[in-house]
1. Can you list the HN-Hα couplings for region 56-67, worked out from phi with the Karplus curve (6.51, -1.76, 1.60; θ = phi - 60°), rounded to whole Hz and with x for Gly and Pro?
2. Pop out the carbon and sulfur fraction of the accessible area of region 2-127 as a percent, whole number, probe 1.4 Å.
3. In region 17-124, which chymotrypsin sites (Phe, Trp or Tyr not before Pro) fall in coil by DSSP and have 14 or fewer other Cβ atoms within 10 Å?
4. What list of ³J(HN,Hα) values in whole Hz, one per residue of region 84-93 in order, does the Karplus curve 6.51 cos²θ - 1.76 cosθ + 1.60 (θ = phi - 60°) give from phi, with Gly and Pro shown as x?
5. Can you give the % of DSSP beta bridges in the chain that are antiparallel, to the nearest 5?
6. Roll a 1.4 Å probe over the protein chains and send me the accessible area per residue for the chain in Å².
7. Within the chain, what's the longest stretch lacking trypsin sites (Lys or Arg not before Pro) that sit in DSSP loops with no more than 10 other Cβ atoms inside 10 Å?
8. Each residue of region 73-83 in order: what ³J(HN,Hα) in whole Hz does its phi give by Karplus 6.51 cos²θ - 1.76 cosθ + 1.60, θ = phi - 60°, with x for Gly and Pro?
Amino acid sequence: MPMTTRLRDTDVYGHMNNVVYNEYFDTAVNQTLIELGVLDLRQSAVIGLVVHSQTSYFRPVSFPDSVVLGLRVGRLGRSSVTYEFALFRGDDATAAAQGSYTHAYVDRATSQPVPLPSALRRALEPLLLKSA
């Protein structure tokens, strides 16, 4: 998924601030789920809430860099999904950052955990990391 950094992403040190990476990751997940037809931001009865996240940084990204974000599913559980990301600057072959976060899926109205809807599971299975 290609993206372009924004001026506001850059902090006083001249590189993209660490918290912004999670915004990019969140955008990648939600855009993917919307495009797969399994998320309606305003109406879906089941939603994913981030319960864990981590990011490792390898080289700086700045404005106005073009970036490409790769997304895969690392784990598809009964009521949770772990998404994994790699963010590449421009045409770099090596990631500038890698991260993951886990969505726990809940009923929107009650915030109680629920099993993954079958349509969501089917949509994510092709993105699931295959073990070697």
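1. Computed from phi, the couplings for region 56-67 are 10, 10, 10, 8, x, 10, 9, 8, x, 5, 8, 10 Hz.
2. Details: 3690 of 7020 Å².
Of the solvent-accessible surface of region 2-127, carbon and sulfur hold 53 percent.
3. Values: sites: Y21, Y24, F25, Y57, F58, Y83, F85, F88, Y101, Y105; in loops: F58.
When the chymotrypsin sites (Phe, Trp or Tyr not before Pro) of region 17-124 are filtered for loop state and at most 14 Cβ neighbours within 10 Å, F58 remain.
4. 10, 10, 9, 10, 10, 8, x, 9, 4, 8
5. Counting DSSP beta bridges with both partners in the chain, the antiparallel share is about 95 percent.
6. On a per-residue basis, the chain sits at 58 Å².
7. 79-129
8. Whole-Hz 3J(HN,Hα) from phi for region 73-83: 9, x, 8, 10, x, 6, 9, 9, 9, 9, 9.
The values are calculated or read from the model by the stated rules, or taken from the named source; none is laboratory data. Keep in mind that what you see is a predicted model, and the values were worked out from it rather than measured. Neighbour counts are summed over all protein chains in view; Cβ atoms, including those assigned to glycine, are modelled from backbone coordinates with ideal geometry. Note: accessible area is taken over every heavy atom of the protein model, side chains too, but ligands, DNA and RNA are not part of it. Shrake-Rupley method; radii C 1.70, N 1.55, O 1.52, S 1.80 Å.
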